[in-house]
1. Taking the range 477-512, which residues are surrounded by fewer than 20 Cβ atoms within 10 Å (Cβ to Cβ), assigned to a helix (DSSP H, G or I), in contact (Cβ under 8 Å) with a residue 24 or more places away in the chain and not hydroxyl-bearing (Ser, Thr, Tyr)?
2. Output yes when any residue across the range 477-499 is at pLDDT 90 or above, out of contact with any Pro (no Cβ under 6 Å at 6 or more places or on another chain) and closer than 22 Å to Ile46 by Cβ, and no when none is.
3. Scanning the range 510-536 for residues that are aliphatic (A, V, I, L, M) and more than 16 Å from Ile185 (Cα to Cα), which turns out modelled with the lowest pLDDT?
4. If you scan the range 513-536, which residues turn out to be open to solvent by less than 80 Å² (accessible area, probe 1.4 Å) and closer than 20 Å to Ser428 by Cα?
5. Run down Leu243, Leu188 and say which single residue is within 30 Å of Asp511 (Cβ to Cβ) and touching a residue at least 12 places away in the same chain (Cβ under 8 Å).
6. Please find, among Gln346, Gln267, the residue that is part of a helix (DSSP H, G or I) and surrounded by fewer than 16 Cβ atoms within 10 Å (Cβ to Cβ).
7. Name the pairs whose Cβ atoms lie under 8 Å apart, with the first residue in the range 430-452 and over 30 Å from Thr483 (Cβ atoms) and assigned to a loop (DSSP other than H, G, I, E, B), the second open to solvent by 60 Å² or more (accessible area, probe 1.4 Å) and modelled with pLDDT of 95 or more, and 6 or more positions between them or separate chains?
8. Mind checking which residues of the range 105-125 are open to solvent by 20 Å² or more (accessible area, probe 1.4 Å) and under 17 Å from the mean Cα position of the chain (by Cα)?
Amino acid sequence: MGEEHHNHPPPPVQAPPAGPPPPNLALSRGPVWHPAEQLSQLHYCIHSNPSWPVAILLGFQHYIVMLGTTVLIATTLVPAMGGDHGDKARVIQSLLFMSGLNTLLQTWFGSRLPTVMGGSFAFLLPVLSIINDYTDRTFPSEHERFIYTIRTIQGSLIVSSFVNIFLGFSKTWGNLTRLFSPIIIVPLVCVAGLGLFARGFPLVANCVQIGLPMLILLVITQQYLKRLHHAALQVLERFALLLCIAVIWAFAAILTVAGAYNTAKSQTQVSCRTDRSYLMSSAPWIKVPYPFQWGTPIFRASHVFGMMGAALVSSAESTGAFFAAARLSGATPPPAHVLSRSIGMQGIGMLLEGIFGSIVGTTVSVENVGLLGLTHIGSRRVVQISCGFMIFFSIFGKFGAFFASIPLPIFAAIYCVLFGIVAATGISFIQFANTNSIRNIYVLGLTLFLAISIPQYFVMNTAPDGHGPVRTGGGWFNDILNTIFSSAPTVAIIVGTLVDNTLEGKQTAVDRGLPWWGPFQNRKGDVRNDEFYRLPLRINEYMPTRFL
């Protein structure tokens, strides 16, 4: 018999006892907040209004905030033009009057956003170029040199205003903004605040005795003391800025009277003392700005081209501020046709500024946009009420000079907070794009860095007389390039639009946030566009859409 072979199966392997499932690491990273197109913590949005007493007080607060830039521009330019303290007071009155008028035009017929229009530092270089051309000329008096210079500025403003009028009403600017995406909006809005850092702590340090206490007191009062009692919440959240200004202004007056700065340097005395502006003594009691108040405008081609560059820069700066204001007032991002309309209206405002004799053009006041976020109130009516204060104090000069004599370091401390809010608002737009995309990170980083670094190079290499690093044989060409590349928002638009649309633009449309962004750029792409941006008095129903 043959031997039998039995193939027995191997014994089954016992599975290890079941243990707890491996931890899901995603659960340990905290909650996830979904993108929110509108901020939920606003007390009043763009078309809701607080009570009239609250609205009037908030409007006065907007007037006080924009006053610092107005005084700083006049203080910088008027003495260089040959003007005295009386001329400076009248220039401030003209700037305030035009700011009030242009703000009304913008909130009624332009962007319809709660934005204050104030003097723009973008016009500083072309104005300094005009001043420099007349430095070596002989005039009967310094006042005559001031008058001749401001008449030349008038002519340049009038001609350059047509740049914005054309860009706006031809819809060229709106077609440019259609190329934007959230990846471009982030650095554009960020540098609208961060690009103004020189007007923050560097000016605070000019008089740290009052600037630093103002900054610390504002943060503590507005953010911490309001939590002590529910009754103080709304009062301090809305009006802490006015309270802090009153306290620190009184403190500065006490130091001035006590002689704390009697032996200080002249620059320190100008920044710290409350009696060195000489506005109260030199401002007229009543003066109504009127067309051609300084005389017939003077038109010179070499100066007009430089001012055209500033007009282009003011459009870029306003665009970044419009997006920030829309977010902080509870509105959707402004559509392309609204941006075109607003830039065109800004050009009309610049034309009026040339006619009325302003020394610079206007742009959206970034500090007032930050105030929307600080107070949680984005009401359009509040900003329109502030126009009443601007126009009133521009006519009754003594009253306006009283508030204009607030030391500039107090305003600089306020800017440290308000500019930071605008910059952080720009960061919030990144939620609508893919933040895990290396391509997006590259575009964001390159645009943000160059938008800060390039203007800093131009500012550092600009002489006190306005001559920048571009120094070719053509002065007008130098003024255009030096002005454009000294503006952080303008550089952000140039670099961001170019890189974002050429670096795998179509293949990464979803990562760039275009599905969210696209509907807002069409007139009827989102039902809320008409709610926020339609013109008053049912004008939309009577005008052809190509003019809206």
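1. Phe477, Leu481, Val499, Asn501
2. no
3. So the first thing to find is which residues in the range 510-536 are aliphatic (A, V, I, L, M), and the list is 510, 514, 527, 535.
Checking which are more than 16 Å from Ile185 (Cα to Cα) leaves us with 527, 535.
Numbers: Val527: 79, Leu535: 88.
Across the range 510-536, the extreme among qualifying residues is Val527.
4. Residues satisfying the conditions are Gly513, Leu514, Trp516, Trp517, Gly518, Pro519, Phe520, Gln521.
5. Values: Leu243 fails: within 30 Å of Asp511 (Cβ to Cβ).
Among Leu243, Leu188, only Leu188 is within 30 Å of Asp511 (Cβ to Cβ) and touching a residue at least 12 places away in the same chain (Cβ under 8 Å).
6. On the way: Gln346 fails: surrounded by fewer than 16 Cβ atoms within 10 Å (Cβ to Cβ).
Of the residues listed, the single one that is part of a helix (DSSP H, G or I) and surrounded by fewer than 16 Cβ atoms within 10 Å (Cβ to Cβ) is Gln267.
7. Thr435/Ile441
8. Passing the criteria: Arg112, Phe121, Leu124.
The values are calculated or read from the model by the stated rules, or taken from the named source; none is laboratory data. Quantities reported herein were computed from a predicted structural model and do not represent experimental measurements. Don't worry about glycine lacking a Cβ; one is built from the backbone with ideal geometry, like all the others, and counts go over all protein chains shown. To get the accessible areas, we keep the full protein, side chains included, count just its heavy atoms, and leave off ligands, DNA and RNA. Shrake-Rupley method; radii C 1.70, N 1.55, O 1.52, S 1.80 Å.
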